[in-house]
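Have a look at the structure below before the remarks.
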Amino acid sequence: MTKEILRTLEELVNTPSPTGWTRLAEQYLMKKLQEYGCKPYQSNKGTVYAALNPDTKGDGLLLSAHVDTLGLMVRAIKSNGRLRVTTLGGFPLNYAEQENVVVHTRDGDTIDGTLRLNEPAVHVSREIGKTEREDSNMEVVLDRIVRSKEEVEELGICAGDYISLDPRFVYTGGFVKSRHLDDKASAAVLLELARRHKEGKWTSARPVTLMFTTFEEVGHGAAAAHPEGITDMIAVDMGVVGDDLRTDETKVSICAKDSSGPYNYDLTDALVQTAKKAGLDYAVDIYPYYGSDASAALAAGHDYRHALIGPGVAASHGYERVHEKGLEQTLQLLEHFLTAQ
Ligand SMILES: [Zn+2]
């Protein structure tokens, strides 16, 4: 179970899918879900769906995770052959400084580079420690001998090209360190849930549909194209770790409230009672700066009870960290909850 989640997670984080350009991750999901005996399908904007027990009748339950990630996009090619960039999703540029990146051209080529300050050498600049990182003083330097705008254009690079960040997946001491654990950690858990359903490890008396969204980082991931008959939606997304919160990387986090407001009391409470009864390592928290696909669905007008759970992920939107126990606890909470329905 844990090994499967870790293998899937490593494959997923190594599949670039900056928000807005997620087709490789979509293809990965479609293939995996077919392997697990599902008949996955996609909406126009790329969301991937899979009904786990399509012959079951009753009030439908939707479980979502998102596979779009943070990233960069080419804003302009500078006259010196460097790239000015714009961010995809919200993060401080410090979190991507000195990271290896890949530019994905519209011709299908990939060209490596590094994001760094325009003047990154300590032997030249005394300002490095004091400089505020902005898109005007940071640039992507390509790993090609190019010294002009024209030479970069000859590589096939143009404004609007997507740039992915090196995820740097490391598994050590039970911890996974990587970019994009938000929310590929939960997507890997949902894929394992599908695999274990196929193996008969759990069943539910309610119809359960998985939904993998592709525009969560820009807010409208789960806003549209829902299946019929849903009454409850649980977003499975990273739990926040930090400050005065109780969640850590070994726990499954249950969110009572985030920036979008409180989650549904009864559905959230049913998850809390399930975790308690099953003796799981969980924490109930509020997330100070956060919105989820479940709140996006409600804002779009869906009349659901909604909840938010997920493994605790530290250093969110940076070089993130989770523990395998947090992944296991999340899977177990879902299986216990769905089985009791
Ligand atoms: Zn997320």
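The values are calculated or read from the model by the stated rules, or taken from the named source; none is laboratory data. None of these values were measured; they are calculated from a predicted model. Using ideal geometry, Cβ is built from the backbone for each residue, glycine included, and neighbour counts are taken over all protein chains shown. Surface areas here come from the heavy atoms of the whole protein model, side chains and all, with no ligands, DNA or RNA. Shrake-Rupley method; radii C 1.70, N 1.55, O 1.52, S 1.80 Å.
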When (1) within 16 Å of the ligand (Cβ to nearest atom); (2) more than 30 Å from G173 (Cβ to Cβ); (3) open to solvent by 10 Å² or more (accessible area, probe 1.4 Å) are applied to T214, the one that fails is (3)
Would you confirm whether any residue within segment 109-121 is touching a Gly at 6+ places or on another chain (Cβ under 7 Å) and either assigned to a loop (DSSP other than H, G, I, E, B) or outside the structural domain of Y36 (by TED's automatic domain parsing) (or both)? yes
Which one of these is out of contact with any Leu (no Cβ under 9 Å at 6 or more places or on another chain) and within 16 Å of the ligand (Cβ to nearest atom): D183, D143? D183
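For residues in segment 111-130 being β-branched (V, I, T) and surrounded by fewer than 14 Cβ atoms within 10 Å (Cβ to Cβ), which is nearest to L72 (Cα to Cα)? Can you show your working first?
Keep residues of segment 111-130 that are β-branched (V, I, T), which gives 111, 114, 122, 124, 128.
In the following step, the residues that additionally are surrounded by fewer than 14 Cβ atoms within 10 Å (Cβ to Cβ) were identified as 122, 124, 128.
Details: V122: 25, V124: 27, I128: 22 Å.
Selected residue: I128.
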Those residues of segment 7-31 which are open to solvent by 30 Å² or more (accessible area, probe 1.4 Å) and of a type outside the set (A, V, I, L, M, F, W, C), in sequence order: R7, E10, E11, N14, P16, G20, R23, Q27, Y28, K31
Out of (1) within 15 Å of the ligand (Cβ to nearest atom); (2) farther than 14 Å from T250 by Cα, the odd one out for G326 is which? (2)
In segment 246-271, what residues are away from the ligand (no atom under 16 Å from the Cβ) and in a loop (DSSP other than H, G, I, E, B)? R246, D248, T250, K251, N264
Please identify the pairs in which a residue from segment 299-315 that is more than 11 Å from A235 (Cβ to Cβ) has its Cβ atom under 6 Å from the Cβ atom of a residue that is β-branched (V, I, T), counting only partners at least 6 apart or on another chain. P311/V322; P311/T330; G312/V241; G312/T247; V313/V322; A314/V241
Failed item, numbered, when E328 is tested on (1) at pLDDT 95 or above; (2) within 19 Å of the chain's Cα centre (by Cα); (3) outside any helix (DSSP H, G or I); (4) surrounded by fewer than 21 Cβ atoms within 10 Å (Cβ to Cβ): (3)
Can you go through A297, A275 and tell me which one is open to solvent by less than 20 Å² (accessible area, probe 1.4 Å), in a helix (DSSP H, G or I), within 16 Å of the ligand (Cβ to nearest atom) and modelled with pLDDT of 95 or more? A297
Give V170, V208, V176 a once-over and let me know the one that is within 21 Å of V241 (Cβ to Cβ), touching a His at 6+ places or on another chain (Cβ under 9 Å), away from the ligand (no atom under 13 Å from the Cβ) and among the β-branched types (V, I, T). V176
Kindly indicate whether any position in segment 150-163 is in the same structural domain as E324 (by TED's automatic domain parsing), of a type in the set (D, E) and either touching a residue at least 12 places away in the same chain (Cβ under 8 Å) or open to solvent by 30 Å² or more (accessible area, probe 1.4 Å) (or both). no
For segment 73-108, how many residues meet the condition of being within 21 Å of E216 (Cα to Cα) and either surrounded by fewer than 15 Cβ atoms within 10 Å (Cβ to Cβ) or without any contact (Cβ under 8 Å) to a residue 12 or more places away in the chain (or both)? 3
What are the pairs with Cβ atoms under 6 angstrom where one residue, in segment 165-191, is touching a residue at least 24 places away in the same chain (Cβ under 8 Å) and the other, located anywhere, is within 16 Å of the ligand (Cβ to nearest atom) and small (G, A, S)? Sequence gap at least six, or different chains. P167/S178; F169/S178; D182/S316; D183/A65; S186/A65; S186/G310; A187/A65; L190/A65
Suppose the filter is open to solvent by less than 40 Å² (accessible area, probe 1.4 Å), of a type in the set (D, E), on the phi < 0 side of the Ramachandran plot and in contact (Cβ under 8 Å) with a residue 12 or more places away in the chain; does D68 pass it? yes
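Sort out which residues of segment 93-108 are assigned to a strand (DSSP E or B) and under 16 Å from D161 (Cβ atoms), and write them in order of number. Outline the logic, then answer.
Filtering segment 93-108 for residues assigned to a strand (DSSP E or B) gives 100-104.
Of everything in segment 93-108, those that are assigned to a strand (DSSP E or B) and under 16 Å from D161 (Cβ atoms) turn out to be V101, V102, V103, H104.
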